[in-house]
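S.K.: Quick one: this structure, given as structure tokens, is what I'll be asking you about.
The values are calculated or read from the model by the stated rules, or taken from the named source; none is laboratory data. Being a predicted model, the structure only gives us computed values, none of them experimental. Note that each Cβ is placed from the backbone with ideal geometry, even for glycine, and that neighbours are counted across all protein chains shown. All accessible areas refer to the heavy atoms of the entire protein, side chains included, with ligands and DNA or RNA removed. Shrake-Rupley method; radii C 1.70, N 1.55, O 1.52, S 1.80 Å.
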Amino acid sequence: MSNTTALHCASEAGHAQSQPIVLHRAASDLPASKQPSTWSIPAIQALLDLPLMDLLFQAQQVHRAHWPANEIELATLLSVKTGGCPENCGYCPQSAEFDTGVQAQKLMDIDAVRSAAQAAKDAGASRFCMGAAWRAPKDRDIEKMGALIAEVKSLGLQTCATLGMLQPHQAQSLRAAGLDYYNHNLDTAPEYYQDVVSTRQYQDRLDTLQAVRDSGISVCCGGIIGMGELPVHRAGLIAQLANMQPYPDSVPINSLVRVPGTPLADSEPVDPLDFVRVIALARITMPQARVRLSAGRQQLGETVQTLCFLAGANSIFYGDKLLVTGNPSFDADKALMQKLGLRGASTGTPSQA
Ligand code: SF4
């Protein structure tokens, strides 16, 4: 987990051309727009280089072909176990290696999680995500998380968790407890990953994603923009995601929150329009994925967020805190939605507009 929702990352020395990542599911089981396809990095870079209006127009057309035009999913994220993580993800204030002032906290109890989930539901959220700063949970942690998941599920919310690397039997236990989505982000292109984290390998990420998919849990997987990566790395990240077979059900795109004390605190701020372009790439290459504006929304402001919605984002993290960093308040988001004529979606499932 992290300051962003880009959690538990790793990489291996990259390849210039993204290869399809097979998350096994029979191709015949997939809807037409999720059928296997291969996006080359040059093809994605060509999209990235389009005049912005052309890119936005294309992304909005794809969006309207697969989703209601004015609906966004509202997902609330709660840090249920904070800080003290042994990984060294360069963007994350929860790493024990960095002095960021984050106080480590043990796993929250069930009553506190239930009341946070109920408050999120009362505010209009349809999905409740629980994050825990573990490198890899132990089986006893999975058992405790299972109880939290069942409790949240009983409130009528979709459930999501991000807990680090999973073994196949752990993913199956989470599924049995009622988990709908598991978040495990790739963060960036493989060839840039070692600049961001060195305590894990990219293949670990893919193995967990495979275990999640095999268990029947939907995959939530995205990345972070603004960590000093080049445009080719942004294209490489999108290629990695889009070439998964099938691609993720949810794709959170984070704008780096530069937290003092983390190695990436002094990164050059990302140009907001470059961020918008990445949202458009995600929409065009993964038409049926929920594309979620995640960390960094506070710094984007209303106008850039609006451009992101135009580019195909149709989900936000909703609530005044995102793990350990700030997020727009419920009231601010409700006001923005009203201004834009957006309504909250009741499910994470695509439907024809
Ligand atoms: S340092 Fe730990 S909590 Fe933070 S993103 Fe990395 S794995 Fe997750």
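S.K.: Of all the helices (runs of 4 or more DSSP H) wholly in the range 169-243, which have at least 2 residues that are more than 25 Å from E97 (Cβ to Cβ) and either open to solvent by 10 Å² or more (accessible area, probe 1.4 Å) or among the hydrophobic types (A, V, I, L, M, F, W, C) (or both)?
M.R.: 202-215, 231-242
S.K.: Exactly one condition in (1) in a strand (DSSP E or B); (2) at pLDDT below 90 is false for Q103; which is it?
M.R.: Exception for Q103: condition (1).
S.K.: Okay, next question. Mind counting the residues in the range 80-100 that are touching a helix residue (DSSP H, G or I) at 6+ places or on another chain (Cβ under 9 Å) and modelled with pLDDT under 90?
M.R.: 0
S.K.: Any idea which residue in the range 57-73 is farthest from L307 (Cα to Cα), counting only those that are aliphatic (A, V, I, L, M) and open to solvent by 10 Å² or more (accessible area, probe 1.4 Å)?
M.R.: My answer is A65.
S.K.: Further question on the same structure: Criterion first (more than 16 Å from the ligand (Cβ to nearest atom), touching a helix residue (DSSP H, G or I) at 6+ places or on another chain (Cβ under 7 Å) and more than 18 Å from M165 (Cα to Cα)) does Q245 satisfy it?
M.R.: Answer is no for this residue.
S.K.: May I pose another question? Could you please let me know if Q194 is at pLDDT 95 or above and within 21 Å of E87 (Cβ to Cβ)?
M.R.: Considered against the rule, which asks whether it is at pLDDT 95 or above and within 21 Å of E87 (Cβ to Cβ), Q194 comes out as no.
S.K.: Related question: Within the range 281-304, identify whether any single residue is part of a helix (DSSP H, G or I), within 19 Å of P93 (Cβ to Cβ) and among the charged types (D, E, K, R), and answer yes or no.
M.R.: Checking the range 281-304: at least one residue is part of a helix (DSSP H, G or I), within 19 Å of P93 (Cβ to Cβ) and among the charged types (D, E, K, R).
S.K.: Kindly list the number of the only condition in (1) in a loop (DSSP other than H, G, I, E, B); (2) within 16 Å of the ligand (Cβ to nearest atom) that fails for S79.
M.R.: (1)
S.K.: Regarding the range 178-197, can at least one residue be identified that is free of Cβ contacts under 8 Å to residues at least 24 places away in the same chain and either more than 19 Å from the chain's Cα centre (by Cα) or under 30 Å from M337 (Cβ atoms) (or both)?
M.R.: Taking every residue of the range 178-197 in turn, none turns out to be free of Cβ contacts under 8 Å to residues at least 24 places away in the same chain and either more than 19 Å from the chain's Cα centre (by Cα) or under 30 Å from M337 (Cβ atoms) (or both).
S.K.: Next up: List pairs: first residue in the range 72-93 and closer than 21 Å to R297 by Cβ and free of Cβ contacts under 8 Å to residues at least 40 places away in the same chain, second residue basic (K, R) and within 7 Å of the ligand (Cβ to nearest atom) anywhere in the structure, Cβ distance under 6 angstrom, at least six positions apart or on different chains.
M.R.: Note: no pairs meet the criteria.
S.K.: Something else now. Kindly indicate whether A313 is open to solvent by less than 10 Å² (accessible area, probe 1.4 Å), of a type in the set (A, V, I, L, M, F, W, C), closer than 15 Å to I72 by Cα and in contact (Cβ under 8 Å) with a residue 60 or more places away in the chain.
M.R.: yes
Here's the yes/no breakdown for (1) touching a helix residue (DSSP H, G or I) at 6+ places or on another chain (Cβ under 6 Å); (2) surrounded by fewer than 20 Cβ atoms within 10 Å (Cβ to Cβ); (3) closer than 16 Å to P231 by Cβ:
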residue: L256; (1), (2), (3): no, no, yes
residue: P260; (1), (2), (3): no, yes, no
residue: P263; (1), (2), (3): no, yes, no
residue: E268; (1), (2), (3): no, yes, yes
residue: V276; (1), (2), (3): yes, no, yes
residue: L281; (1), (2), (3): yes, no, yes
residue: A289; (1), (2), (3): no, no, no
residue: S294; (1), (2), (3): no, no, no
residue: F309; (1), (2), (3): no, no, no
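S.K.: Name every residue in the range 106-162 that is open to solvent by less than 40 Å² (accessible area, probe 1.4 Å), assigned to a loop (DSSP other than H, G, I, E, B), within 16 Å of the ligand (Cβ to nearest atom) and small (G, A, S), in order of residue number.
M.R.: A133
S.K.: Let me ask something else about it. Cβ-Cβ distance below 9 Å, separation of 6 or more or different chains: which pairs start in the range 96-115 with a residue that is among the basic types (K, R) and end on one that is away from the ligand (no atom under 16 Å from the Cβ)?
M.R.: R114/L148; R114/E151; R114/V152; R114/S154; R114/L155
S.K.: If you go through the range 171-210 one residue at a time, how many are more than 16 Å from the ligand (Cβ to nearest atom) and at negative phi?
M.R.: 14
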